[in-house]
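Novice: Right, I'll just put the structure down here and ask away after.
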Amino acid sequence: MKPKSIIGTTVSVLIIAIMLIILVKNKFVAEEYPSGMIEDQPNKLLDTEYELSSSDLNIGIENNQLAPDFELQNLYGEKIRLSDYRGKKVFLNFWASWCGPCKVEMPYMENYYKKHKDLENAEIIAVNMTKSEFNTKKVQEFVDAHGLTFPVLLDNNGDIERIYKVIGFPTTYLINEDGIIVHGFTGAVKNANEVEKLINKIK
C-alpha cells in the first residue's frame, strides 16, 4: 500500500471516530439536559421524598411558594433537613451570635418554644450564619448562655443564606405545615407574645 493511501485511510478512520464520539456525547447531553440548559439538572435542594408534579413545584422564598429545602448539621454533627418538619408550622430564623437584635429576640423565641411548641404543633429552627462567626465555639457559647433548646443549624458556607437572600440579621420566614412560605420579615420580635401571634397566623 502506498504511503499516501495509508495516510488517507488513517485520516478517514480518525474523522469517523471523532464523528461517532460527538454523536454519542450529544445524545448524552440531550438526555441529561433536555433544553440544553444546566438548569435541567435535578435540584439537590428539593425534597424528593414528596411526590410533586411540575405544576405544583413552585419553589421560592416569596409568599405562597414552597420553601427551598436544605440539609445542615446541628451543633452535635447531626444532619437535619427543613422537610423533616413537614406537617408542622415552622419559624425559620437566620441569625448570628454577634448580632445585637438576635441577642434580644432569642430569649423570647426560647420562652415560646418551651411553653407552646407542642400545643401549637410548631417548630423553631435557628440557622446560624456560621460563615460570619469567629468560630463555632462562639455559637455554642451563645446557645449555652441563652439556654436554647430549639434546633440550631450551622450554615458554614453561607449557601442557605444566599438561597433565602438574607441581607440582614435576624431574618425570619414563617412556613406552614405543607412547607409553604406565608410570610417573611427582617428584624427582631419584641416579645414572646409576638412570636406566638406570628406562629398562630400561619395557615
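Novice: Give, rounded to the nearest 20 debye, the magnitude of the charge dipole that region 71-200 has about its Cα centre when Lys and Arg contribute +1 at Cβ and Asp and Glu contribute -1 at Cβ. Kindly include the intermediate steps, with their values, before the conclusion.
Specialist: Numbers: 16 positive and 18 negative charges, 35 e Å.
Rounded to the nearest 20 debye, it is 160 debye.
Novice: Are there any GluC sites (Glu not before Pro) in region 74-180 that are in a DSSP loop and have at most 13 other Cβ atoms within 10 Å? List them by number.
Specialist: On the way: sites: GLU78, GLU105, GLU110, GLU120, GLU123, GLU133, GLU141, GLU161, GLU177; in loops: GLU78, GLU120, GLU133, GLU177.
The qualifying sites are GLU78.
Novice: Could you work out the relative contact order of region 71-200? I mean the mean sequence separation of Cα pairs under 8 Å and 6+ apart, divided by the number of residues, in percent.
Specialist: Working: 231 pairs, mean separation 46.2, N = 130.
Contact order relative to length: 36 percent.
Novice: Can you divide the C-alpha Rg of region 76-203 by 2.2 N^0.38 Å and report the result to two decimal places?
Specialist: Numbers: Rg = 13.5 Å, N = 128, 2.2 N^0.38 = 13.9 Å.
That works out to 0.97 for region 76-203.
Values quoted throughout were computed directly from the atomic coordinates according to the rules given, and no laboratory measurement underlies them. Everything numeric in this text was worked out from a predicted model, so none of it was measured. Reconstructed Cβ throughout: ideal geometry from the backbone, glycine too, with neighbour counts over all protein chains shown.
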